[in-house]
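Trainee: One structure coming up, written as structure tokens, with questions to follow.
Read the figures in this text as sums done on the coordinates, not as results from a lab. The shown structure was predicted, so the numbers you read here are calculated from the model rather than taken from an experiment. Cβ placement follows ideal geometry from the backbone for every residue including glycine, while neighbour counts extend to all protein chains displayed.
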Amino acid sequence: MKEAYSPKEVLEMIPISRNALYDGIRRREIPSVRIGKRILIPRLALERWLNGSVETTTRNGENGRSVQALRFERGGHHAE
């Protein structure tokens, strides 16, 4: 398991837009480390951030089907 991920790798793992990810990094809401121009998101810091900022909810979607949605509390972004 990797110790840190690039922003591109994080975008492949969680349902968040590219702009929301970089805005969160810029505002220091998403933990990251800069090494020169490269941005890395440490695995443990990402896991802690996700555990503290993602809420899973279930609601009725179209045709009464149950739909799970992830809500990102920090930064006001959410994906459904």
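Trainee: Could you list, in sequence order, the residues of segment 1-12 that are within 15 Å of R48 (Cα to Cα) and not in a loop (DSSP other than H, G, I, E, B)?
Mentor: A4, Y5, V10
Trainee: Oh, and also: For segment 32-57, how many residues meet the condition of being in a loop (DSSP other than H, G, I, E, B) and surrounded by 15 or more Cβ atoms within 10 Å (Cβ to Cβ)?
Mentor: Within segment 32-57, residues that are in a loop (DSSP other than H, G, I, E, B) and surrounded by 15 or more Cβ atoms within 10 Å (Cβ to Cβ) number 1.
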